[in-house]
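Take a look at the structure set out below.
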Amino acid sequence: MKWRGRERSSNIEDRRGQRSGGLGGLGGLGRSGGIRIPTGRGSRGGISGLIGIVVVLGIIWFATGQNPLDMLTGGSSMGPASSATSRQLPAEGQDELADFVGVVVKETEDLWNEQFAAIGEDYPEPVVVLFTDAVNTACGAADSSVGPFYCPGDSKVYIDLSFYDQLHRQFGAPGDFAQAYVLAHEVGHHIQNLTGVLPELNRARQSMSQEESNAWSVRVELQADCYAGVWANYAGQENLLDSGDIEEALNAANQIGDDTLQKRMQGFAVPKTFNHGTSAQRQEWFARGYQSGNPGDCDTFSGNV
């Protein structure tokens, strides 16, 4: 990705090196109103009317055994941050990654500001928090083991930059555009949060079985993948893509599919426990967003996924 020398987002909160305190309480769970956005393609592809469902969290919750919807619905907190430390990169590598994150976030802001402006709305930009080992959020305390995640209680994305080393070494997904895909996915959850339909999901989830809840979580995560693909399309229009970038993102989507993760970690997959989608589903929905550039094509809540 052609990112060096480009403008960084001003919405970066650097908490690296800070110690995390006790468990924070659950914050507000999203907007009560919601933003109506028209269907159809604008200059870069419009957003579908009253998009999807609001939710939360990052890409490897399977490793913690927790359903991503739990944090938003009060089913469980994220729990006290553990004492385990993440694999830390040298300071020079961390600073370069911090610059990279700032540039990618700025590019997502440009895309979504354009989309919201097209319908006369302001885009409330999320803050991205860089942390080391553990962090307190409006959604509770978390450590690096949960991976990057989005907290709707404070509209912030949280990431320990050492995750990118893990993405490369442990999950077999190297490359700067694999890293960009992760960020764009989390920003996709912020877009979902702005639709304001979380209270309806919360009420519906009270009567859902765990398997049904997992199925809703899959649809939420696949929509965020599709929004990441829409951003990749935008990056291509801005001439930011290098040869092989899309392949890097598709490989990352493959490596973090529920079936692939479960087979890697326990030797077999249990489909009824999937809460992010299979490798094939994640690749398909990222590709759909990338090929169309139209957020209106990211409806994962109608029909089969």
Karplus-derived 3J(HN,Hα), 6.51/-1.76/1.60, for each residue of region 96-108, Hz, glycine and proline x: 5, 5, 4, 4, 4, 4, x, 5, 4, 4, 4, 5, 5
If the cut-off is 21 Å between C-alpha atoms, which lysines fall inside it for residue 272, apart from same-chain ones fewer than 8 positions away? 263
Which order do the peptides 160-167, 110-117, 233-240 come out in when sorted by mean C-beta neighbours inside 10 angstrom, highest first? 160-167, 110-117, 233-240
Let me know the Kirkwood hydrodynamic radius for region 100-199, please, with Cα pairs as the basis and the value in Å to one decimal. 14.3 Å
Partners for residue 106 among lysines (Cα-Cα distance below 29 Å; same-chain residues under 8 apart left out): 2, 156
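How much net charge surrounds residue 2 when only other residues with a Cβ under 11 Å from its Cβ are counted (Lys, Arg +1; Asp, Glu -1)?
After counting each charged neighbour, the total is -3.
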Taking H as built 1.01 Å from N, whose amide H comes closer than 5 Å to the amide H of residue 141, not counting residues under 5 places away? 24, 78, 79
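Only the coordinates and a few stated rules stand behind these numbers; no lab work does. Quantities reported herein were computed from a predicted structural model and do not represent experimental measurements. Here Cβ is always computed from backbone atoms with ideal geometry, including for glycine, and neighbour counts include all displayed protein chains.
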